[in-house]
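Remarks on the structure that follows.
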Amino acid sequence: MRLILPPGMKAAAFDRARQALRRVVGAQWVLDTDEDRETYIDPYAVGTGAAHAPSGAVAPASVEELQAVLRVANEFRLPLWPISRGKNLGYGGASPRMPGTMVLDLGRLNRILEVDEKLGYCVVEPGVGFFELHEHLTKNRIAMEVGIPGNGWGSVLGNALERGFSFRGDHSESICGLEVVLPGGELMRTGMGAMKNGVTWATARHGFGPSWDQAFVQSNFGVVTKMGLWLHPTPEEVITLRVALDQPDDIGWYMDALAPLRLRGVVNGNVQLTTYMMTVIDSTQRADWYQGRDSLPDSVIARIRAERGLGWWNGTVRVAGYADVNEGNLKRVQAALSKHSGREYPFTRTLSAQTPSRGPTVGPLKVANWYGGRGGHMSFSPVVPAVGSAVVAQFQRTRARYIEHGIDYSSTWYLNGRTVTNINLLLTNMDDADLTARGDRLFHALVKDAAAAGYGEYRTHLSYMDEVADTFSYNDHALRRFNERVKDAIDPNGILAPGRNGIWPAAWRKERGKV
Amino acid sequence: MRAMNLVAVAAVLMSGLSTAAAAAEPDGKALYARRCGICHFADGGGTWMLERRLGKSQALLESRADLQAPYIRLIARRGLNGMPRFTRVELPDSDLEIIAAYLTRSGPRP
Ligand SMILES: Cc1cc2nc3c(=O)[nH]c(=O)nc-3n(C[C@H](O)[C@H](O)[C@H](O)COP(=O)(O)OP(=O)(O)OC[C@H]3O[C@@H](n4cnc5c(N)ncnc54)[C@H](O)[C@@H]3O)c2cc1C
């Protein structure tokens, strides 16, 4: 892809900045050929990806090099977008929000610095992937686990900075202690790490005074170079209930039955419930079932379900811990469910000592092939209260919009104790302009509907960041104004990740809303 | 076809000749497993989609004899349908060359 400069930046200044970066990291780690730029374009971009095209990438090998890179960026007002492994597929991949921003690829900082089995934490650098951490834990027989996203290709640290999650819940809640390079190049540690010799950096969450870890999550206030992350002890036994629900609205009683048990820790992982689609989507393509341009009709849904023996909703409930405790918890789950359905559900028992944990996979990426061609998808992810009637209403509203736009409805619901996060897949074939345009219109409609109901998204794709940020509008966008006051104070040149999550520095504020 | 490749590779290894392909073999296999195997081993999305497009005999990249290094390089950097592109940070040119040598060890070389 040809070079796109940051808005307003002169080619001569850009060239001088590139030269200065080469002196810092070595010529081979400034990646700015046409082909390099292509490799950083979001593979699932809406349209060509030009709206979020980087001008290149720079890849420092140490914190010292990174600090020097930030000083160069400030000198030339070159905007940078940090990524850890850049596998943020469905939300923008490795691409920056604003075109012309240079990607700051931290993949070369890839050490696992510490794993403490007794206290249950690790300290990692940005480039450490789920595969590497899992391998390290398994090889060293450390009976600790990390929450792994469906797409396990990415970075442990990068995923937590996006509030990624799994059945283990919101991964950002496991963050404890960060090392951050501030936009000006200064190195800082949070919490107990702010002491010269802080021993409980990755175990005590808050240190002394304000607690800043979460301020670096989904923000553009600093580049995170080390992260303490709490690990989950491998349970003695895992019981997995398999549930299939026959009717679309069954999701309501189901959430009502399980939310209290999740809140009380009887069920100690997010409950997951997903449409029939998720099960066929990774082994068949749409054309195997249906040729029409409209949303899959009920008759086809019925055929898919019959052939595969699926419920309209399919899910798992996980009861994990010591076997004797599990026994009582399992009874409570079965009782709560059978009160509504009049039946008990099948389950499997796994003893961790005998069965190694499954580890990361990239299997779910297969969903991108559903429509064929250059496949892709985005996720629309509102957070709904853990109340059956609210869940049913949100589900019906969303599905009606999918049908209206002629797109196949597919979603997964993750029940936490108090909320349900609803990941709706917008699958597409990027070679099909009409389908992609309908998907885009559908996304806008969904953001609007959810906002009208008082529900915000937990995370969104680059192209919709401003739109979603706009829905957080209490008192004339007081929160955004506060975020941007902080931004301007710590990043006066506005060089770090302009536009991330709708936070624009003064230097680029006029770019808001442009996609 | 597949059996023949295995025989050919075994012959090279046993003869103790350090041809480029044979020398690259252990490294290449491990690198391929790490960077490509997650999609191109038996259950992977790459294998699945290649089977759909080219048939079962062409589905597993590792046992093919028709792949050429320039094509492998091109696909790794440009992507193909459901296969995303690799950056030179994740997969430096030197690693890609080793993988390409591994995948063409028993097939035509440019
Ligand atoms: C089919 C499919 C299933 C998926 N399933 C899940 C799932 O179950 N759960 C889930 O959470 N996600 C899921 N994802 C989304 C995504 O693939 C993962 O969250 C992935 O881990 C994100 O990529 P990454 O870890 O490489 O992070 P990166 O892409 O490296 O980082 C994400 C963003 O965080 C910021 N950032 C990264 N590093 C830094 C840093 N060092 N300093 C400052 N800012 C930084 C940047 O803005 C960056 O764009 C799924 C995606 C697909 C396609």
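Values as computed for the structure displayed
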| read-out | value |
| --- | --- |
| Angle in degrees between helix A:323-341 and the longest Cα principal axis of chain A, rounded to the nearest 10 | 70 |
| 1.4 Å probe accessible area per residue over region A:237-459, in Å² | 41 |
| Exposed chymotrypsin sites (Phe, Trp or Tyr not before Pro) absent - longest run of chain A, DSSP non-H/G/I/E/B, at most 14 other C-beta within 10 Å | A:1-207 |
| Selection of GluC sites (Glu not before Pro), region A:239-346, meeting DSSP coil and at most 15 other Cβ within 10 Å | A:GLU344 |
| Under-5 Å amide H pairs with A:LEU31, H placed in peptide plane, nonlocal only | A:ALA57, A:VAL58, A:ALA59 |
| Region A:176-220: trypsin sites (Lys or Arg not before Pro) in DSSP coil with no more than 12 other Cβ atoms inside 10 Å | A:LYS196 |
| Kirkwood hydrodynamic radius of the protein assembly as shown, Cα pairs, Å | 25.9 |
| Binned Cα-Cα distances of region A:219-325, short to long, each 5 Å bin given as a whole percent | 2, 9, 16, 15, 12, 11, 12, 10, 8, 4, 0 |
| Rounded if a/c under 1.5, otherwise prolate or oblate - region A:11-105, Cα gyration tensor axes | prolate |
| Carbon plus sulfur fraction of accessible area for region A:466-511, probe 1.4 Å, in percent | 56 |
| Estimated distance in nm for a label pair at B:ALA33 and A:PHE472, the labels positioned 7 Å out from Cα along Cα-to-Cβ | 4.4 |
| Spread of Cα-to-Cα distances over 5 Å intervals beginning at zero, given as percent, for region A:435-514 | 3, 15, 23, 23, 17, 10, 6, 2, 0 |
| Derived scalar couplings ³J(HN,Hα) [region A:86-100; Karplus, 6.51 cos²θ - 1.76 cosθ + 1.60; whole Hz; x for Gly, Pro] | x, 9, 7, 5, x, 10, x, x, 9, 7, x, 5, 9, x, x |
| Kirkwood hydrodynamic radius (C-alpha pairs) into Stokes-Einstein, region A:237-459, 20 °C and 1.002 mPa s, D in µm²/s | 116 |
| Selection of trypsin sites (Lys or Arg not before Pro), region A:1-107, meeting DSSP coil and at most 15 other Cβ within 10 Å | A:ARG2, A:LYS10 |
| At 1.567 mPa s and 4 °C, Stokes D of region A:112-230 from Kirkwood alpha-carbon radius, µm² per second | 90 |
| Region A:466-511 - Rg over Rh from alpha carbon coordinates, Kirkwood radius | 0.95 |
| Buried solvent-accessible surface, both chains (A, B), 1.4 Å probe, Å² to nearest 100 | 2400 |
| When the convex hull of its Cα atoms is projected in every direction, mean area for region B:26-103 (nm²) | 4.7 |
| Euclidean distance of C-alpha centroids, region A:284-344 and region B:40-110, integer Å | 36 |
| Sum of -39500 (n - 2.57) over DSSP H runs of 4+, divided by residues of chain A (222 nm, nearest 500) | -10000 deg cm²/dmol |
| Interface residues, region A:23-51 - accessible area loss of 20 Å² or more versus chain alone, probe 1.4 Å | A:TRP29, A:LEU31, A:GLU35, A:ASP36, A:GLU38, A:THR39, A:TYR40, A:PRO43 |
| For region A:237-459, size of Cβ-based charge dipole, Lys and Arg +1, Asp and Glu -1, in debye | 440 |
| Drop in accessible area of at least 10 Å² in the complex versus isolated chain, residues of region A:67-88, 1.4 Å probe | A:ARG85, A:LYS87 |
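The values are calculated or read from the model by the stated rules, or taken from the named source; none is laboratory data. Model, not experiment: these values are computed from the prediction. Using ideal geometry, Cβ is built from the backbone for each residue, glycine included, and neighbour counts are taken over all protein chains shown. With ligands, DNA and RNA removed, areas are computed over all heavy atoms of the protein, side chains included. Shrake-Rupley method; radii C 1.70, N 1.55, O 1.52, S 1.80 Å.
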